[in-house]
Structures are given as structure tokens and as C-alpha cells.
Ligand SMILES: Cc1cc2nc3c(=O)[nH]c(=O)nc-3n(C[C@H](O)[C@H](O)[C@H](O)COP(=O)(O)OP(=O)(O)OC[C@H]3O[C@@H](n4cnc5c(N)ncnc54)[C@H](O)[C@@H]3O)c2cc1C
């Protein structure tokens with residue numbers, strides 16, 4: 001059966017032996033996007049059946065930090081309580097920059113206007129948010145606090161286009177991994193509203209009629225193929241493709257340099273392949289989130305990254321994922337974080353980090369790392385001279401993070417590929433309208449086919465601009481849009 005049905009080979013409606021099940025909307029994947037699509041579709045009165053390959057709902061979202069990127073409309077209740085005003089225009093400008101060269105203005109406009117109501121919607125579905133602000137620089141809260149700075153808002157060049165505000169809103173759960181709470185509540189809500197879920201059930205392919213419309217799917221349920229008719233549509237919410245190394249090699253080869261996948265394990269691209277199999281366009285497939293989490297502790301942000309020429313290449317106060325992209329593209333992917341005695345620490349995520357060199361002077365460090373004579377000394381002298389005046393004319397690091405590296409011993413923490421594996425997930429996916437309709441190569445909607453979350457190419461579509469919370473914000477919100485549109489079909 002595995003060979004008979006493959007994601008990239010749709011089943012013709014004429015070849016369906018019998019319809020085993022009928023629903024209005026079939027949702028593929030019970031993660032962030034799938035649960036929100038199901039909630040909206042049920043509330044709009046449609047019958048909804050969800051197919052999930054794993055033994056339970058949750059997907060990668062259940063492993064995540066549960067941080068959702070929201071703001072605008074003057075600020076969420078949490079932003080306002082912490083004293084931050086956040087206009088829709090600032091959120092829009094930030095997201096457009098974060099979306100990079102291919103940013104989608106229509107999608108961003110809708111999201112910026114709806115992000116604050118979307119936060120309230122998540123609360124109404126039962127997702128708890130404590131409502132407190134955690135200052136400082138974190139990957140995600142280690143506490144049960146809500147609001148954190150989760151991107152490059154305060155860093156150049158983003159700070160020049162949009163007034164900074166913290167926008168990462170984490171679900172309430174003590175410690176890392178609040179996505180568990182987010183997904184427990186969203187999936188329970190979908191079921192409470194009457195969505196039917198088949199778990200341990202892989203969707204194998206789509207069913208397409210003679211006119212090219214999607215009329216159902218084939219799933220493996222209890223070990224047998226099941227033909228499911230979906231009267232109003234199929235919504236693909238099956239995640240991205242980071243665990244499918246053949247697809248990564250084909251579409252996003254730069255991500256092969258990241259040995260760690262940021263995934264619960266089922267991001268094998270099956271949803272994207274199903275879309276491509278029926279003529280959908282896939283866009284920005286080369287883009288991926290990457291990280292080399294070099295903080296917390298935040299003292300490390302005051303260090304400087306240098307490459308094998310002994311040169312700096314980025315303002316280190318930018319989002320850790322942006323810094324990671326710059327590290328990965330240095331010659332040989334080789335880079336070190338240079339720190340002095342005053343700020344030395346081991347990054348929380350990698351306490352066993354390789355300390356590639358230690359010395360009482362920068363000259364010693366330069367020699368130990370085998371860098372060109374004088375290069376690192378010159379870089380540090382220049383950095384220190386300007387940092388003492390609170391300036392960074394070369395890379396525009398904000399004054400709050402500027403401090404001369406003056407007190408030995410000095411150390412170089414290694415972010416070279418052999419020492420430090422980078423982590424990644426993919427951002428490219430099916431082209432869709434903001435309401436989730438999948439588009440073919442000519443830009444026309446494919447009747448009956450929707451996609452959301454990382455199966456679609458959504459708001460986050462540029463690795464260098466990604467901010468924590470953008471994927472869950474996008475998946476939950478545009479999952480809702482797809483569910484609503486399909487239900488009204
Ligand atoms: C450790 C970690 C931390 C993260 N932290 C954050 C964060 O704080 N904020 C943020 O925005 N993002 C975060 N992310 C990323 C975010 O979790 C994902 O990008 C997000 O979950 C994508 O949502 P989705 O609905 O597209 O996919 P998922 O939530 O992964 O859901 C997809 C579902 O589809 C199922 N599926 C796949 N193929 C099939 C098939 N053929 N048939 C049936 N079912 C199928 C999968 O099993 C899965 O349950 C994190 C990810 C990880 C792993």
C-alpha cells in the first residue's frame with residue numbers, strides 16, 4: 001500500500017473503490033495549524049475529521065516554547081500592563097522586514113490588524129497566559145511568565161523601521177516547553193467542539209476529480225487504506241520538511257549544515273508533496289529558521305563574533321537565529337564568540353561548549369586560533385575604541401550591549417560546525433492566499449485545497465528575519481483562516 005499511494009501521486013476520484021467515510025472538512029495533521037483550523041471550522045458548523053500520523057495530537061508545537069508573536073492594536077493586555085504601546089503600523093513594519101525580500105503585504109496586513117484579537121481568541125479557547133513581563137534576553141521564558149523580547153526588535157536595522165516592543169507571548173507553564181500547554185488546550189478544544197480525530201493515521205495522498213478539484217484523501221487507518229470524502233475541502237497542516245533530508249538537499253541545501261532538526265519528527269514534507277502532486281506552487285523553499293543559541297546568559301551578547309579572518313560580521317544583539325545565519329555563511333561556517341573575563345559564561349543550552357582558545361592577551365588568542373597575524377588584535381582594538389564611546393559604527397550594536405573587551409583572560413567559544421551543531425526547521429511551503437487557499441503555478445486557487453502552518457509558506461519566509469513566536473502565531477492564526485474559508489465553501 002505504501003507504494004500504491006504516495007503523497008506526490010494523487011488518487012483519481014474514478015479510482016476510489018468506495019468512500020469509507022464522509023466529512024465536510026478533512027484536516028491533515030493535529031498540530032498548531034490543524035487544531036485551530038478544526039476549531040474555526042466546527043464553530044462555523046462544518047463536520048471536521050482530523051488525521052494525525054502520531055499517536056496523539058500536538059506535533060512540533062507540543063515540543064515548542066509555546067511562544068506566539070502578537071501585538072499591534074495599541075498592545076495586547078499583557079504589553080499594555082507592562083507599559084508597552086504597540087501600534088498596528090509598527091507590528092506591520094517589523095513583520096514586513098522580518099519577511100525579507102519576499103514578504104507578503106496582504107498576509108502581513110491581515111495579521112498585523114488581527115494579532116491582538118487573535119491573542120484574545122487563544123485565551124478564549126482556554127490557553128492560559130499569566131500576563132507578566134520577563135525583562136532581559138531569553139530564548140523563551142524559563143518561568144511561567146508571558147511576555148518576552150523574542151526577536152530583533154531592538155536591534156539594527158529593525159529598530160530603525162519599527163518602534164520596538166516585546167511581542168513573544170508564551171503560554172503559562174513553569175520552565176521551558178510551554179507548547180505542551182498550548183497544544184493540550186487547543187487540541188482539547190477542537191475535540192470538545194465535536195471534531196473527530198483519527199490518530200496513528202497517516203494521510204497517504206489526496207483524491208482529485210476530473211476537473212482538478214480536491215474531493216478527499218486516502219489515509220492509512222488501522223493499517224488499511226481508508227477513502228475519505230471531504231465535501232468542502234482538505235486542509236493540509238502537516239508541518240514542514242526538515243526531517244526529509246532528500247527534500248532538504250533538493251530545496252534548502254544550506255540547511256544541511258544544521259545537524260539538529262527542530263521537529264517532533266514528522267516534518268517529512270508529506271503535506272507539501274501532496275500539494276505539489278496536484279499542481280500547487282511551492283515558494284521560498286530554500287528558507288529555514290536556524291539557531292546556534294549562544295545566550296542566555298545575556299552577558300554573552302556583549303561578546304563579539306569573529307570569523308577565520310579575525311573580522312566581525314554581525315551586531316550580536318540581533319535575534320539568535322539571525323546571528324546563526326550569519327555564522328553559517330562565514331567561510332567554512334567557522335566562527336568564535338570572543339569574551340573577556342567580565343562576561344565569560346557557558347551558554348545555558350550548550351554548557352559543554354568548546355573553548356577553542358584562552359589567553360591573557362588578544363594576541364595569544366589570535367595565535368591559538370591560527371588567525372592571520374594582527375587581524376584579531378586590530379578588530380578588538382577598533383571595537384573597544386568605539387564601544388568605550390557607546391558606538392558601533394561598523395555593525396550598529398545597540399549601546400546597551402557595548403562594552404570594551406579589556407579584562408583578560410580572554411576566551412574564544414567555538415561556534416564552528418565540528419563543535420556546535422546548528423538547529424533548523426524549514427520555512428518554505430505551498431503558496432496560499434491569506435485565507436488558506438492553495439495556489440497553482442499560475443496563481444489560481446486549487447478548488448478544495450487549503451494549507452496552513454509550515455506546510456504553507458506563511459508570514460515567516462526569510463530565515464534571517466525570523467523571530468520566536470512567528471511560526472506559532474502564523475500557524476494558529478492562518479490555520480483559523482483556512483478552517484473558516486473551507487467551512488463557508
Ligand atoms: C523545540 C521547539 C521549540 C519551538 N519553539 C517555538 C516557539 O516558541 N514559537 C514558535 O512560533 N515556534 C516554535 N517552534 C516551531 C513550531 O513549533 C512549529 O513551526 C509549529 O508547530 C508549526 O505548526 P504546524 O501546525 O505547521 O506543525 P505541527 O505543529 O508540527 O503539526 C503538524 C502535524 O502534522 C502531523 N503530520 C505530518 N504528516 C502527516 C501525514 N501525512 N498524515 C497525518 N498527519 C501528519 C504531524 O505528526 C504533526 O502532528 C518550536 C519547535 C520546536 C521543535
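The values are calculated or read from the model by the stated rules, or taken from the named source; none is laboratory data. These numbers come from a predicted model, not from an experiment. Note: ideal-geometry Cβ built from the backbone for every residue, glycine included; neighbour counts use all protein chains shown.
Across the range 333-353, the number of residues qualifying as at pLDDT below 95, closer than 22 Å to residue 367 by Cα and out of contact with any helix residue (DSSP H, G or I) (no Cβ under 9 Å at 6 or more places or on another chain) comes to 0. Among residues of the range 171-183 that are under 17 Å from residue 132 (Cβ atoms), those with a Cβ under 6 angstrom from a residue that is in a helix (DSSP H, G or I) and away from the ligand (no atom under 11 Å from the Cβ), sequence gap 6+ or separate chain, pair up as 171/181; 173/181.
Check whether at least one residue in the range 35-43 is assigned to a loop (DSSP other than H, G, I, E, B) and either surrounded by 24 or more Cβ atoms within 10 Å (Cβ to Cβ) or away from the ligand (no atom under 11 Å from the Cβ) (or both), and report yes or no. Step through it out loud before you land on a result.
Let us first name the residues in the range 35-43 that are assigned to a loop (DSSP other than H, G, I, E, B), namely none.
Within the range 35-43, not a single residue is assigned to a loop (DSSP other than H, G, I, E, B) and either surrounded by 24 or more Cβ atoms within 10 Å (Cβ to Cβ) or away from the ligand (no atom under 11 Å from the Cβ) (or both).
In the set 264, 318, 252, 335, only one residue is surrounded by 20 or more Cβ atoms within 10 Å (Cβ to Cβ) and within 16 Å of the ligand (Cβ to nearest atom); that residue is 252. Taken together, the residues in the range 62-107 that are farther than 19 Å from residue 154 by Cβ, assigned to a helix (DSSP H, G or I) and within 16 Å of the ligand (Cβ to nearest atom) amount to 3. Taking the criterion of being without any contact (Cβ under 8 Å) to a residue 60 or more places away in the chain, closer than 24 Å to residue 180 by Cα and crowded, with 17+ Cβ neighbours inside 10 Å, the only residue of the range 91-118 that qualifies is 116. Can you say whether residue 55 is surrounded by fewer than 24 Cβ atoms within 10 Å (Cβ to Cβ), within 12 Å of the ligand (Cβ to nearest atom), in the same structural domain as residue 190 (by TED's automatic domain parsing) and at pLDDT 95 or above, as far as the supplied structure shows? Judged against the criteria, residue 55 is a match.
Check 171, 165 and return the single one that is farther than 21 Å from residue 400 by Cβ and either surrounded by 22 or more Cβ atoms within 10 Å (Cβ to Cβ) or not assigned by TED's automatic domain parsing to the domain that holds residue 472 (or both). Let's see the steps before the verdict.
On the way: 165 fails: farther than 21 Å from residue 400 by Cβ.
Result of the check over 171, 165: 171.
Going through the range 273-310 one residue at a time, which ones are within 10 Å of the ligand (Cβ to nearest atom), within 19 Å of the chain's Cα centre (by Cα) and under 29 Å from residue 445 (Cβ atoms)?
Selection gives 289 alone.
Within the bounds of the range 385-406, is there any residue that is surrounded by 19 or more Cβ atoms within 10 Å (Cβ to Cβ), at pLDDT 95 or above, outside any loop (DSSP other than H, G, I, E, B) and in contact with a strand residue (DSSP E or B) (Cβ under 6 Å, 6 or more places away or on another chain)? Within the range 385-406 (the criterion being surrounded by 19 or more Cβ atoms within 10 Å (Cβ to Cβ), at pLDDT 95 or above, outside any loop (DSSP other than H, G, I, E, B) and in contact with a strand residue (DSSP E or B) (Cβ under 6 Å, 6 or more places away or on another chain)), the answer is no, since none of the residues qualifies. Pairs linking a residue in the range 12-37 that is more than 14 Å from residue 448 (Cβ to Cβ) and free of Cβ contacts under 8 Å to residues at least 12 places away in the same chain to a residue that is more than 6 Å from the ligand (Cβ to nearest atom) and part of a strand (DSSP E or B), with Cβ atoms under 9 Å and 6 or more positions apart or on different chains, are 15/207.
Being in contact with a strand residue (DSSP E or B) (Cβ under 9 Å, 6 or more places away or on another chain), away from the ligand (no atom under 11 Å from the Cβ) and at negative phi is the filter here, so list the residues in the range 421-438 that pass it. Step through it out loud before you land on a result.
The first filter runs over the range 421-438 and keeps only residues in contact with a strand residue (DSSP E or B) (Cβ under 9 Å, 6 or more places away or on another chain), leaving 421-433, 435-438.
Those still in the list that are away from the ligand (no atom under 11 Å from the Cβ) too: 421-422, 428, 430-433, 435-438.
Matches in the range 421-438: 421, 422, 428, 430, 431, 432, 433, 435, 437, 438.
Considering only the range 320-331, I want to know if a residue exists there that is at positive phi, outside any loop (DSSP other than H, G, I, E, B) and outside the structural domain of residue 254 (by TED's automatic domain parsing).
no
Only one entry of 193, 217 meets the criterion of being touching a helix residue (DSSP H, G or I) at 6+ places or on another chain (Cβ under 9 Å) and crowded, with 16+ Cβ neighbours inside 10 Å, and that entry is 217. Just to be sure before I move on: is residue 50 more than 21 Å from the chain's Cα centre (by Cα), buried (at least 23 other Cβ atoms within 10 Å of the Cβ) and not in a helix (DSSP H, G or I) in the structure I sent? Yes: the conditions hold for residue 50.
I'm trying to understand the selection: among the residues of the range 119-133, which are closer than 17 Å to residue 64 by Cβ and either without any contact (Cβ under 8 Å) to a residue 12 or more places away in the chain or buried (at least 18 other Cβ atoms within 10 Å of the Cβ) (or both)?
Residues of the range 119-133 closer than 17 Å to residue 64 by Cβ: 119, 122, 125, 127-129.
Within the range 119-133, 119, 122, 125, 127, 129 meet the criteria.
Is it the case that some residue within the range 407-415 is modelled with pLDDT of 95 or more, part of a loop (DSSP other than H, G, I, E, B) and away from the ligand (no atom under 16 Å from the Cβ)?
Here is the first cut: in the range 407-415, the residues modelled with pLDDT of 95 or more are 409-415.
Still in the list and also part of a loop (DSSP other than H, G, I, E, B): 409, 415.
Now restrict to residues that are away from the ligand (no atom under 16 Å from the Cβ): 409, 415.
Scanning the range 407-415, I find at least one residue that is modelled with pLDDT of 95 or more, part of a loop (DSSP other than H, G, I, E, B) and away from the ligand (no atom under 16 Å from the Cβ), so the answer is yes.
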